[in-house]
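Report on the structure given below.
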Ligand code: NAD
């Protein structure tokens with residue numbers, strides 16, 4: 001028996017990195033998967049790769065008044081949602097003195113406000129007993145220079161998992177958080193950094209954690225599968241840290 005047979009899953013930012021690996025794994029495990037994101041070309045490519053089990057929906061999580069349209073599109077195709085992976089996020093690093101209000105707003109609008117409203121707007125479209133998984137980060141546990149706003153946004157997400165769980169208990173909806181350590185994805189290349197700078201950042205991160213390497217998107221997808229499936233039924237408002245020891249050692 002596949003772990004997500006007859007389930008409908010939504011993965012925000014499912015067109016790249018961790019989200020893409022998660023969408024693929026969920027489909028392999030029997031789920032119908034809706035990939036949401038901003039970029040039509042990469043969404044189409046992801047849907048093509050996965051096949052009939054997937055649809056793509058263009059949606060910007062910071063465009064709050066339009067988020068529910070993406071859920072409506074999912075319901076029209078697959079029915080109500082059983083698994084919601086709120087994974088879309090941006091990583092903006094800069095020394096405190098140079099951090100602009102625009103950088104702050106972008107970080108906050110996507111990584112915090114976008115997460116909050118992605119859950120709120122999903123409520124009418126979720127089956128009772130659904131599993132919601134939010135993506136936080138090791139940086140919500142441990143201080144890293146230049147990441148003040150990003151880290152605070154992920155700490156807010158950790159808090160949301162607990163409070164939203166308490167609020168949604170009457171519908172038996174579980175909300176948990178997955179916190180990855182440094183993972184080898186396109187995330188680090190999105191701010192216009194050169195290839196050398198990106199490799200430097202990755203090497204620096206890898207050398208600083210006990211695992212001495214970056215994690216893979218597939219390793220994180222396996223964690224999302226655990227939290228999405230009945231295997232984690234006893235986990236409510238909790239956190240799964242998959243970080244190569246980064247936060248704790
Ligand atoms: P990624 O850049 O490959 O994926 C991020 C996804 O979010 C992309 O598909 C992007 O298009 C989407 N996205 C960004 N802004 C969006 C918006 N406004 N609306 C809709 N989609 C939007 O990077 P990733 O590493 O796969 O990141 C996935 C999640 O994991 C993020 O929340 C990130 O903060 C978190 N995370 C990543 C790492 C890491 O080291 N890579 C570590 C900890 C946490």
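Would you look at the GNM of the chain, springs on alpha carbons closer than 10 Å, and say which of 131, 232, 207 moves the most?
207
Whole Å is fine, so just give me how far the alpha carbon centre of the stretch 1-47 lies from that of the stretch 194-243.
Each part reduced to its Cα centre gives a spacing of 18 Å.
Mind checking the angle between helix 195-207 and the chain's longest principal axis? C-alpha axes, 0 to 90 degrees, to the nearest 10.
90
If I fit a long axis through the Cα atoms of helix 17-28 and take the longest principal axis of the Cα atoms of the chain, what angle between them do I get, 0 to 90°, rounded to 10?
30
Report, to the nearest 10°, how far helix 148-168 tilts away from the longest principal axis of the Cα atoms in the chain, using its own Cα long axis and a range of 0 to 90°.
With rounding to tens, the tilt is 30 degrees.
Which order, highest average first, do 241-247, 142-148 follow once you tally other Cβ atoms within 10 Å for each residue and take the mean per peptide?
So the order, starting with the most tightly packed, is 241-247, 142-148.
For the chain, what is the relative contact order in percent, using Cα pairs closer than 8 Å and at least 6 residues apart in sequence?
20
Using a Gaussian network model on the chain with a 10 Å cutoff between Cα atoms, which of 71, 150, 125 fluctuates the most?
Of 71, 150, 125, the Gaussian network model singles out 125 as fluctuating most.
Assuming R0 = 35 Å, what is the FRET efficiency of residue 75 and residue 189, from their Cβ-Cβ distance, to the nearest 0.05?
For residue 75 and residue 189, the calculated efficiency is 0.55.
We did not get these values from a lab; they are worked out from the coordinates using the rules stated. Bear in mind the structure is a predicted one, so any value in this text is a computation, not a measurement. Methodologically, a virtual Cβ is constructed for each residue, glycine included, from the backbone with ideal geometry; neighbour enumeration extends over all protein chains shown.
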